[in-house]
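One structure is given here, and the rest of the page talks about it.
The values are calculated or read from the model by the stated rules, or taken from the named source; none is laboratory data. This structure is a prediction, so every number in the text was calculated from the model and none was measured. Cβ coordinates were reconstructed from backbone atoms using ideal geometry, including for glycine residues, and neighbour counts include every protein chain displayed.
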Amino acid sequence: MVLNAGSREFIGVRDRKSQRLYLSPLIDLDDPSSLPAGYFKVHASLQIAAVLDAIQRANQSNVLPRLPVLYTFEYDRGY
């Protein structure tokens, strides 16, 4: 989770089992030299974790089997 307030942000990680939220120190985005090492890697990892979490929750709630069937179309151009 990212808590952003314009030029400052916290990065948080939630532990569901213990019901705790771990927050990073305040990150000042105005000064690029003050960004912690691996800052952009952390953001990419957060996006991947969010997608994996959504897939896991969908599997647990049995939503995926109820989704409509998606079809693809192939167009014959008559060549």
Of (1) in contact with a Lys or Arg (Cβ under 8 Å, 6 or more places away or on another chain); (2) at pLDDT 85 or above, Arg8 satisfies every one except (1)
For Asn59, the lone unmet condition from (1) in a loop (DSSP other than H, G, I, E, B); (2) within 20 Å of the chain's Cα centre (by Cα); (3) of a type outside the set (Lys, Arg); (4) at pLDDT below 80 is (1)
Quickly run through the stretch 12-55 and pick out the residues that are modelled with pLDDT of 85 or more, part of a helix (DSSP H, G or I), over 14 Å from Met1 (Cβ atoms) and not hydrophobic (A, V, I, L, M, F, W, C). Lys41
On the basis of being loosely packed, with under 12 Cβ neighbours inside 10 Å and of a type in the set (Lys, Arg), does Arg8 make the cut? no
